[in-house]
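**Student:** Below are the structure tokens for one structure; questions will follow.
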Amino acid sequence: MINKKIGLGLLTSLFLLTGCADENKVQTETKRSLDYCITQTKRTLTELENNGEGLIDYTLMPRNISDTSSSWHCRKATKEEWCAGFWPGILWYGYEYSEDEELLKEAENFTGSLEFLSNIPAYDHDLGFLVFCSYGNGYRLTGNPEYKKIILRTADTLATLFNPTVGTMLSWPRECEPNDWPHNTIMDNMINLEMLFWAAKNGENKYLYDVAVAHADKTMECHFRDDYTSYHVAVYDTITGNLIKGVTHQGYDDTSMWARGQAWGIYGYTVVYRETGDPKYLDFAEKITDVFISGLPEDKIPYWDFNDPKIPDSPRDASAAAIVASALIELSDYVRAEKSELYFDTAKAMISSLSSEKYICGESKPAFLNHSTGHKPNGSEIDASIIYADYYYMEALLRLKKKS
Ligand code: GLY
């Protein structure tokens, strides 16, 4: 019979060894996935070069690859194209990981095409997505003072959409009249707060901090149901500031939980907690995360809407998984131990699924991931590769690499 002390010692060593082996495995797999992202990014650059017969048009941004196509559909970087910042962001992340000077050069070139956004009035709320994924990452990695000026100007522009009577930023000025949505705020708008917090700090502008906090507070009060699932759109009265109704635009219906909307909320409140340190946002981030995690299918990649009655014969949304995986890696640093383990394990499981044959594009396409759903009710970008899924997947991998 083994001496009790030796037995315990052996068990502890075995536990530590298994832990180390698991950690090494995560590190190896994360590195393999990041190398894959670099390969695909370079393939995309080659495709863009070939399309332009040797010269890249830096105003054309990869947006999606449909399930029946194998090459990128690009869109012009105009004020209407909300996704134009993700491709420059991917190039910045690629440079951060690989330190490859070609990626740096191309990140600078594509990012430069978005400067105009800092010099025009706000078209809609997407300025945070557009300018913080591109210039934000660019400034973080290079400290270029011009980038800082552009971000600060854009944050001021974004704040012009703030309505103090309501307490949130207007998301879609163009939708006010046709839909009779006098002041509309969409859940996605939570992502834009990060740029406001950054600009408040780096431009010493307390007003931007106050706008971000007011927006987060009102959204917390009005944009979620009692069970912590979110509406996509909250419609407010501009005279009283009260909520008129919660509706959907991209989800299944007004009562359903649209996967990406909830994902934006989880990511957004994680940032709000990081930037304010106020525990009420942490508590809220946990509640809206828990309802998301508890409704996930076995492979941890959500269906496009949690309440689509056609589930399981319904498309997934890999982008929502990528956004949440990235957020959970951060959130797992803030919560108590047992929750931390759940969140970190869920993030790892999501990343592992996304990195499997089922979701990865591999040689078939130059994107990173298949199976995202953009706008199902509109019949667009269903079961496709979409640029923001790739952006958040790479962000999640980099966060995982830093943590493991
Ligand atoms: N911001 C729009 C979307 O998530 O599709």
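**Student:** Where the second residue is of a type in the set (S, T, N, Q) and part of a helix (DSSP H, G or I) and the first is on the phi < 0 side of the Ramachandran plot and lies in the stretch 94-106, which pairs have Cβ atoms under 6 Å and are six or more apart or on separate chains?
**Tutor:** As it stands, the answer is G94/T41, since those pairs meet every condition given.
**Student:** Then there is this: Checking the conditions here, which among G265, G241, G246 is in contact with a strand residue (DSSP E or B) (Cβ under 9 Å, 6 or more places away or on another chain) and assigned to a helix (DSSP H, G or I)?
**Tutor:** Checking each option against the conditions leaves just G265.
**Student:** Looking at R399, R316, R336, can you tell me which residue is farther than 19 Å from E29 by Cα and in contact with an Asp or Glu (Cβ under 9 Å, 6 or more places away or on another chain)?
**Tutor:** Sole residue among the options that is farther than 19 Å from E29 by Cα and in contact with an Asp or Glu (Cβ under 9 Å, 6 or more places away or on another chain): R316.
**Student:** For W87, indicate whether it is touching a Lys or Arg at 6+ places or on another chain (Cβ under 9 Å) and in contact (Cβ under 8 Å) with a residue 12 or more places away in the chain. Walk me through how you get there before you give the answer.
**Tutor:** Details: touching a Lys or Arg at 6+ places or on another chain (Cβ under 9 Å): yes; in contact (Cβ under 8 Å) with a residue 12 or more places away in the chain: yes.
Judged against the criteria, W87 is a match.
**Student:** Consider R174 carefully, then state whether it is exposed (fewer than 15 other Cβ atoms within 10 Å of the Cβ) and not aliphatic (A, V, I, L, M).
**Tutor:** yes
**Student:** Identify, from the list E330, E275, E286, E298, the residue that is in a loop (DSSP other than H, G, I, E, B) and either more than 16 Å from the ligand (Cβ to nearest atom) or not acidic (D, E) (or both). Quick ask: steps written out before the conclusion?
**Tutor:** Details: E330 fails: in a loop (DSSP other than H, G, I, E, B); E275 fails: in a loop (DSSP other than H, G, I, E, B); E286 fails: in a loop (DSSP other than H, G, I, E, B).
That would be E298, the only listed residue that is in a loop (DSSP other than H, G, I, E, B) and either more than 16 Å from the ligand (Cβ to nearest atom) or not acidic (D, E) (or both).
**Student:** If you go through the stretch 149-170 one residue at a time, how many are within 16 Å of the ligand (Cβ to nearest atom) and in contact (Cβ under 8 Å) with a residue 60 or more places away in the chain?
**Tutor:** 1
**Student:** Looking at E175, is it at pLDDT below 95 and within 16 Å of the ligand (Cβ to nearest atom)? If you could, list the steps in order and put the result at the bottom.
**Tutor:** Numbers: at pLDDT below 95: yes; within 16 Å of the ligand (Cβ to nearest atom): yes.
In short, yes.
**Student:** Oh, and also: As an exercise: evaluate A200 against (1) touching a Lys or Arg at 6+ places or on another chain (Cβ under 7 Å); (2) outside any helix (DSSP H, G or I) and give the number of the one condition it does not meet.
**Tutor:** (2) is the only condition that A200 fails.
**Student:** Another question, then. Looking at the stretch 271-291, I want the residues that are more than 22 Å from A259 (Cβ to Cβ) and have a partner that is in a helix (DSSP H, G or I) and modelled with pLDDT of 95 or more with Cβ atoms under 6 Å, at least 6 apart or on another chain. Which pairs are those?
**Tutor:** Every condition considered, the pairs that remain are E275/F197; L282/Y273.
**Student:** Taking the stretch 225-238, which residues are in contact with a strand residue (DSSP E or B) (Cβ under 7 Å, 6 or more places away or on another chain) and either crowded, with 22+ Cβ neighbours inside 10 Å or free of Cβ contacts under 8 Å to residues at least 24 places away in the same chain (or both)?
**Tutor:** Selection gives S230, Y231, H232, V233, A234, Y236.
**Student:** Within the bounds of the stretch 6-26, is there any residue that is surrounded by 14 or more Cβ atoms within 10 Å (Cβ to Cβ) and either closer than 21 Å to S404 by Cβ or at pLDDT 95 or above (or both)?
**Tutor:** Yes - at least one qualifying residue is present in the stretch 6-26.
**Student:** Which one is nearest to the ligand (Cβ to nearest atom) among residues in the stretch 352-402 that are of a type outside the set (S, T, N, Q) and in a strand (DSSP E or B)? First the steps, then the outcome.
**Tutor:** Filtering the stretch 352-402 down to residues of a type outside the set (S, T, N, Q) leaves 354, 357-363, 365-369, 371, 374-377, 379, 381-384, 386-402.
From the residues that got through so far, the ones that are in a strand (DSSP E or B) too are 360, 369, 375, 384, 386.
Working: I360: 22, L369: 15, H375: 6, A384: 12, I386: 9 Å.
So, considering only residues that are of a type outside the set (S, T, N, Q) and in a strand (DSSP E or B), the one nearest to the ligand (Cβ to nearest atom) is H375.
**Student:** Okay, next question. Restricting the stretch 100-143 to residues that are among the aromatic types (F, W, Y) and more than 19 Å from I387 (Cα to Cα), which is nearest to the ligand (Cβ to nearest atom)?
**Tutor:** It comes out as Y123.
**Student:** Let me ask another. Looking at (1) closer than 18 Å to L127 by Cβ; (2) in contact with a helix residue (DSSP H, G or I) (Cβ under 8 Å, 6 or more places away or on another chain), find the lone condition where A214 falls short.
**Tutor:** Answer for A214: the failing condition is (2).
**Student:** So which helices (runs of 4 or more DSSP H) are wholly in the stretch 69-138 and hold at least 2 residues that are surrounded by 18 or more Cβ atoms within 10 Å (Cβ to Cβ) and among the aromatic types (F, W, Y)?
**Tutor:** Of the helices (runs of 4 or more DSSP H) lying wholly inside the stretch 69-138, those with at least 2 residues that are surrounded by 18 or more Cβ atoms within 10 Å (Cβ to Cβ) and among the aromatic types (F, W, Y) span 86-98.
**Student:** OK, next. Does E146 satisfy the condition of being in a helix (DSSP H, G or I), surrounded by fewer than 18 Cβ atoms within 10 Å (Cβ to Cβ) and within 16 Å of the ligand (Cβ to nearest atom)?
**Tutor:** no
**Student:** Give me a count of the residues in the stretch 227-251 that are more than 19 Å from D217 (Cβ to Cβ), touching a Phe, Trp or Tyr at 6+ places or on another chain (Cβ under 8 Å) and within 14 Å of the ligand (Cβ to nearest atom).
**Tutor:** Residues in the stretch 227-251 being more than 19 Å from D217 (Cβ to Cβ), touching a Phe, Trp or Tyr at 6+ places or on another chain (Cβ under 8 Å) and within 14 Å of the ligand (Cβ to nearest atom): 4 in total.
**Student:** Which residue pairs have Cβ atoms under 6 Å apart, sit 6 or more places apart or on different chains, and have a first residue in the stretch 58-84 that is under 13 Å from S372 (Cβ atoms) and a second that is assigned to a loop (DSSP other than H, G, I, E, B) and among the basic types (K, R)?
**Tutor:** I65/K365
**Student:** Suppose the filter is within 16 Å of the ligand (Cβ to nearest atom), over 19 Å from the mean Cα position of the chain (by Cα) and of a type outside the set (D, E, K, R); does A259 pass it? Full working, then the answer.
**Tutor:** Details: within 16 Å of the ligand (Cβ to nearest atom): yes; over 19 Å from the mean Cα position of the chain (by Cα): no; of a type outside the set (D, E, K, R): yes.
No: the conditions fail for A259.
The values are calculated or read from the model by the stated rules, or taken from the named source; none is laboratory data. What you see is a predicted model, and the numbers here were worked out from it, not measured in a lab. Because the Cβ atoms are built from the backbone with ideal geometry, glycine has one as well, and the counts that use them run over all protein chains shown.
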